[in-house]
Amino acid sequence: MSLWRGGEDQFVKCGNDPDNLPGMRDNYMYVKGGSNTFMPDDDDPQMPGAEGLVAIGGVVKNLQALTAIGCSTVNSYRRLWDTGFWAPVFADWGFQNRTTGLRVSAPGRFEYRSVDSMVNPYLMGTTLLAAMDDGIDNSISPGEPEERNIYEAIKEGKEVKKLPMSLGEALSYLEQSEVVRRGMPGEMYRLYHEYKYDEWARFMSTSTDWDNEMYMECLP
């Protein structure tokens, strides 16, 4: 995604031969002309522009609810418990900072890290746009970029929201967020919540090998 004003949408010929490869010849859209309002071309190649910053602010504010979309399975949360995976468990942002949920990783490039390979990219895209829109409409500041290791920053007294650590907790945040649900119009949110809450309930009512190994000898 990008924040852009002006210009025209154009397709780029990707060079793939439809006789040998599936897909269209012209299957990648970009904007020609206009101006990049997320990362303007100015003296600071790292810092987003004013509109980019409030868009990030909207994502930081709504990150706990967005986690229910980006981390959509029970298994998605296991890596969040192991800091050795550089898992993004805090709602903060920085430059090239793998300990925060969001980072500007290169000029013009904004990386949303609270996501895994089971994500539905369409739902993630629409809900991220809703969060960015919230930031732009309400001029939400993301705060200063965090350049320290976030764990060290917290030890030094920084207060920062933690991401949900289970699917059930994330679904509760999503249920409370009118902003993120706006990215799932019509029946979409109701169906998503129904299926995902059922998945969580079935997991919570299932005995696993770990339960048997941990507690079987404790039973009277």
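Laboratory data are not the source of any read-out in this text; all were calculated from the coordinates shown. The structure displayed is predicted, hence computed values, not measured ones. Methodologically, a virtual Cβ is constructed for each residue, glycine included, from the backbone with ideal geometry; neighbour enumeration extends over all protein chains shown.
Out of the GluC sites (Glu not before Pro) in region 118-173, which ones are loop residues according to DSSP with at most 10 other C-beta atoms within 10 Å? Taking region 118-173 and a limit of 10 other Cβ atoms within 10 Å, the loop GluC sites (Glu not before Pro) found are Glu156, Glu159.
Close Lys pairs in the chain, defined as Cα atoms under 24 Å apart and 8 or more places apart or on different chains, number 8. With a Förster radius of 35 Å applied to the beta-carbon distance between Gln46 and Arg182, the computed FRET efficiency rounds to 0.70. Look at the alpha carbon pairs under 8 Å that are at least 6 residues apart: their mean separation over the length of the chain gives a relative contact order of 21 percent. The long axis of helix 188-204 is offset from the longest Cα principal axis of the chain by roughly 30 degrees.
In the frame of its principal axes, region 52-105 has Cα extents of 32, 22, 13 Å, reported largest first. Size descriptors for the chain: radius of gyration and Dmax over Cα atoms are 20.3, 73 Å. Count Lys and Arg as plus one, Asp and Glu as minus one, and take only other residues whose Cβ is under 15 Å from that of Glu217; the net charge is then -3. Seen against the Cα atoms of the chain and their longest principal axis, helix 121-138 is set at about 70 degrees.
Over region 122-204, what is the mean sequence separation of C-alpha contacts under 8 Å (at least six apart), divided by residue count, expressed as relative contact order in percent? Display every interim value, and only then the final one.
Numbers: 33 pairs, mean separation 37.5, N = 83.
Relative contact order of region 122-204: 45 percent.
Region 136-207 has equivalent-ellipsoid semi-axes of 30, 21, 7 Å, by the square roots of 5 times the alpha carbon gyration tensor eigenvalues, sorted largest first. Per-residue ellipticity at 222 nm from helix content only, as computed over the chain with -39500 (n - 2.57) for each DSSP H run of at least four residues, stands at -11000 deg cm²/dmol.
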